[in-house]
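First comes the structure, then the notes that go with it.
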Amino acid sequence: AHLDRIAAVDGSVKAFLHVDRETTLAQARAVDERRAAGEELGPLAGVPIAHKDVFTTADMPTTAGSKILEGWRPPYDATVTSRLRQAGLVILGKTNMDEFAMGSSTENSAYFVSRNPWDLERVPGGSSGGSSAAVAAYEAPLSTGTDTGGSIRQPAAVTGIVGMKPTYGGSSRYGVIAFASSLDTPGPFARNVLDAALLHEAFSGHDVMDSTSVDQAVPPVVEAARRADVNGLRVGVVKEFAGDGYQAGVSARFNEAVELLESLGAKVVEVSCPNFSYALPAYYLIAPSECSSNLARFDAMRYGLRVGDDGSRSAEEVMALTRAEGFGPEVKRRIMLGTYALSSGYYDAYYGKAQQVRTLIKRDFEAAFEQVDVLVSPTTPTTAFPIGERADDPIAMYLADLCTIPANLTGNAAISVPCGLSDGLPVGLQIMAPVLGDDRVYRVGAAVER
Ligand code: GLN
């Protein structure tokens, strides 16, 4: 049914980079056989899923939205992919994304722009915009994404679905094509909070293949989503994430969500996190710095594209020609910024300073969580913007992640849940919790989702 739905609507939604009916149906038959053989399968066995094209898949291509990986067939599954395969989920295909997850709209995909199912002239958010569009358009009941600065929560917010960024290290990065390794976090998309929790539980937990994986039990997220109450919980409204720059309808829906929390028995207080205002500039030094290092591996020798290798050129020349042709403008901009910020003489002034800001933001979170159990804010300052509106203005594009970036810099758990419409377009409520407090955001999210 989902393959038929994809065939019917994906020509206009354009969520998928790769769909392969035969491979999907073969996977589904294999799950049936495992079940028939008496194997104990998890609660999501047989449920179809779409994977962001940043997770390696042994039976499907993986491009990270880049021309430099066009046609690449990974020799192995990411841990997220293999755990979900083991749990019996069936892969519908690979979803579109901003190249190497750099962007907030999917307009930086080297292939095409995905569309917001609520209004096809608007973006579905990004960088995991294919995954959010697929779930919002009922092409898939579940999908995966990665969140480095907001790339799960922001697309979830603007397409009216649930998207969760787990605690950093709570989900494995093994087999996830790297953008910024200290920030990248795989997480779930779903149409309601309980579905997201079931998916979260199915792929999370310690992984020896990822040295930054947290060696602790997965927080009880499914139990928390089922509990869905906020009675007696202390909720902090982040004072800095309001005012000018927030669309009136976004502020109105956010205030209603806060009133709803209060009416359900939560104790709401205003909390100041003064250093959150510096999160965006710090992120745009740290993420490009890490990406300039991570993307050095695309050297025309090991993967994908190779340009100009006709025997007359040196390896360096082939490398330069390949990277010039294979990377898009936003990726090049970030490599330039990151290489500059890390160069000797500038390192302390830029990268070092940004890391200090990161510590200040961590202290803001710690101080806040001495007073409250969760923090709330709008997920993103505006609803889905029209395709093209911010494409030539990187700073305007970067502002989409204003509210989501603090939790990435510190590794905290955070979710976006739908909280109503503004001018017919979805608005997201962000709920943030301490590191390893993932269950709390599910508990509160399930109580207030609409
Ligand atoms: N929009 C942010 C960026 O462009 C975040 C992307 C992400 O979370 N992958 O870097």
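FYI, it's all coordinate maths here, none of it is from the lab. The model shown is predicted, which means the values in this text are computed figures rather than measured ones. As a convention, Cβ positions derive from the backbone with ideal geometry for all residues, glycine included, and neighbour counts pool all protein chains shown.
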Original post:
So for Lys165, Lys267, fewest C-beta neighbours within 10 Å to most, what's the order?
Top reply: Lys267, Lys165
Original post:
For the chain, what number results from the quotient of the Cα radius of gyration and 2.2 N^0.38 Å?
Top reply: 0.93
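Show me the ranking of peptides 394-404, 11-21, 97-107, 83-93 by mean Cβ neighbours inside 10 Å, starting with the highest.
Numbers: 394-404: 21.5, 11-21: 19.5, 97-107: 29.3, 83-93: 23.1.
Ranking the peptides 394-404, 11-21, 97-107, 83-93 by packing returns 97-107, 83-93, 394-404, 11-21.
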Original post:
Regarding the range 203-293, what is the average projected area of its C-alpha convex hull, in nm²?
Top reply: 9.4 nm²
Original post:
Thinking of the range 222-365 as a set of Cα atoms, what percent of all their pairs are more than 21 Å apart?
Top reply: 65 percent
Subject >> Between the range 189-250 and the range 135-181, the alpha-carbon center distance in angstrom >> reply: 12 Å
Original post:
Under the definition of Cα pairs under 8 Å and six or more residues apart, what whole-number percent is the relative contact order of the range 2-226?
Top reply: 19 percent
Subject >> Net charge dipole size for the chain [Lys, Arg +1 and Asp, Glu -1 on Cβ; Debye, nearest 20] >> reply: 180 debye
Original post:
Among the lysines, which fall within straight-line cross-link reach of Lys67, defined as a Cα-Cα distance under 19 Å, with same-chain neighbours fewer than 8 residues apart omitted?
Top reply: Lys14, Lys52, Lys94, Lys332
Subject >> Value of D in µm² per second that Stokes-Einstein yields for the range 2-226, Kirkwood Rh from Cα pairs, at 20 °C (1.002 mPa s) >> reply: 127 µm²/s
